[in-house]
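Peer 1: Take this structure first; my questions come after.
What follows is calculated from the coordinates using simple rules that are stated; it is not laboratory data. Quick caveat: nothing in here was measured; it's all calculated off a predicted structure. Don't worry about glycine lacking a Cβ; one is built from the backbone with ideal geometry, like all the others, and counts go over all protein chains shown.
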């Protein structure tokens, strides 16, 4: 006879796999929409989003920390956004190597355009989920992430 613990364990593993598959599906969909509709990338969107939430700008190291990627990944994206006039880099006094990155007015407007459609795409994808169910799913998933770092 299979124990309840073993059965619960297998159900939880299947749940994790379904969460992963769903997350990957949504991410792929967003990447394709950003590329096809706006000729941009999800990493660029993420950088612009982080800068939009920080109107005073972020140091490159702070931006890397927020996005949980290396400085090297961020530098190339910021370079291109600066060239396009979407981001400005300001030298930090007293630290010749540090720069503060922030969205320009042009970049903020462009990001708002992206964000509006991004929200619409997510809303379309999740339209079969009621608001109450979405809140319940969010609460259940938060119970996992609130456990903190599981090192």
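Peer 1: Under 1.5 on a/c is rounded, so check that first for segment 76-146, then, if it is not, pick prolate when a/b is larger than b/c and oblate when it is not; a ≥ b ≥ c are the square roots of the alpha carbon gyration tensor eigenvalues.
Peer 2: Working: a/c = 4.31, a/b = 1.94, b/c = 2.22.
Cα axes put segment 76-146 in the oblate bin.
Peer 1: On to the next question. Give me the number: length gained by fully extending residue 112 to residue 26, i.e. 0.36 nm times residue separation minus the C-alpha to C-alpha distance, one decimal in nm.
Peer 2: Values: separation 86, 0.36 × 86 = 30.96 nm, distance 2.02 nm.
Additional length available on full extension: 28.9 nm.
Peer 1: Using the eigenvalues of the Cα gyration tensor, what equivalent ellipsoid semi-axes result for the chain when each is taken as the square root of five times the eigenvalue, whole Å, largest first?
Peer 2: Working: eigenvalues 262, 84, 36 Å².
In descending order the semi-axes read 36, 21, 13 Å.
Peer 1: With a Förster radius of 22 Å, plug the Cβ-Cβ distance of residue 13 and residue 146 into 1/(1 + (r/R0)^6) and report the FRET value to the nearest 0.05.
Peer 2: Numbers: r = 21 Å, r/R0 = 0.94.
Here the calculated transfer efficiency is 0.60.
Peer 1: Sticking with the crude label model, points 7 Å out along Cα→Cβ, report the distance from residue 70 to residue 41 in nm, one decimal please.
Peer 2: 1.4 nm
Peer 1: Would you mind telling me which residue in 86, 118, 38 has the biggest mean-square fluctuation in a Gaussian network model of the chain, where springs connect alpha carbons within a distance under 10 angstrom?
Peer 2: Fluctuation is largest for 38.
Peer 1: Give the peptides 90-99, 62-71, 23-32 in descending order of average Cβ contacts within 10 Å, highest first. Please list the in-between numbers first.
Peer 2: Values: 90-99: 10.3, 62-71: 15.0, 23-32: 12.5.
Ranking the peptides 90-99, 62-71, 23-32 by packing returns 62-71, 23-32, 90-99.
Peer 1: Assign one of three labels to segment 46-86, namely rounded, prolate or oblate, based on the Cα gyration tensor with a ≥ b ≥ c the square roots of its eigenvalues; rounded applies when a/c is under 1.5, prolate when it is not and a/b is larger than b/c, and oblate otherwise. Before the final figure, lay out the partial values.
Peer 2: On the way: a/c = 1.88, a/b = 1.10, b/c = 1.71.
Oblate shape, in that a/c is at least 1.5 and b/c is the bigger or equal ratio.
Peer 1: Once the Cα atoms of helix 4-38 and of the chain are each reduced to a long axis, what angle between those two axes, in degrees from 0 to 90 to the nearest 10, is obtained?
Peer 2: Around 30 degrees separate the two axes.
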